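Written below as structure tokens is the structure these notes are about.
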Amino acid sequence: IDMNYLVEDVISFFESRFHKEAIRVHMLLQPDLPHIRADLSQMRQVLINLVVNSMQAMPGGGSLTITTSKIKNKISIMIEDTGEGMSKKVLKQVFVPFFTTKKVGQGTGLGLPVVHGIVSSHGGTITVDSKPGNGSRFEVLLPIVETE
């Protein structure tokens, strides 16, 4: 799949919501990014979950930056927001099923564990960096499978 195309598709899906919630979107997509072998619907789910989490972390608006790049034999998809950020205690649990910081009825605590599972099942990794008041940065690394 073409991750740049998928990023653009997912972002266009949320366009009116970004405008309504005063979120500025910046896409820094590396041209000629190699395609990867992956399940399109699962990769879409990964991006949707990460974008929705970023939007929810910026209730007063902010900035969302999505960057794609090739790093050695991997594709990097970075999603950064200027939201509330997370404490070290929360960071340790973000991929634990049913862990959530959201109010009852606003989240199940399954979004990030599902993202982690999908990324892992594709031979990739996901990391997160965040500090309270300084937003969050998620990076997904997926292997490039050379086609013959």
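The values are calculated or read from the model by the stated rules, or taken from the named source; none is laboratory data. Worth saying up front: this structure is predicted, and the values here are computed from it rather than measured. No Cβ is skipped: glycine too gets one built from the backbone with ideal geometry, and neighbour counts run over all protein chains shown. Surface areas here come from the heavy atoms of the whole protein model, side chains and all, with no ligands, DNA or RNA. Shrake-Rupley method; radii C 1.70, N 1.55, O 1.52, S 1.80 Å.
Select from region 13-52 the residues that are among the basic types (Lys, Arg) and over 20 Å from Val115 (Cβ atoms) and write down the one among them that is most open to solvent (accessible area, probe 1.4 Å). Among those residues, the one meeting the criterion is Lys20. Scanning region 53-77 for residues that are in a strand (DSSP E or B) and open to solvent by less than 40 Å² (accessible area, probe 1.4 Å) turns up Gly62, Ser63, Leu64, Thr65, Ile66, Thr67, Thr68, Ser69, Ile75, Ser76, Ile77.
What residue, among those in region 126-144 that are buried (at least 21 other Cβ atoms within 10 Å of the Cβ) and small (Gly, Ala, Ser), is nearest to the chain's Cα centre (by Cα)? For region 126-144, the residue satisfying everything is Ser136.
Close contacts from region 52-70, counting a first residue that is within 17 Å of Leu28 (Cβ to Cβ) and a second that is open to solvent by 30 Å² or more (accessible area, probe 1.4 Å) and among the basic types (Lys, Arg), with Cβ to Cβ under 7 Å and a gap of 6+ residues or different chains, come to Ser63/Arg24.
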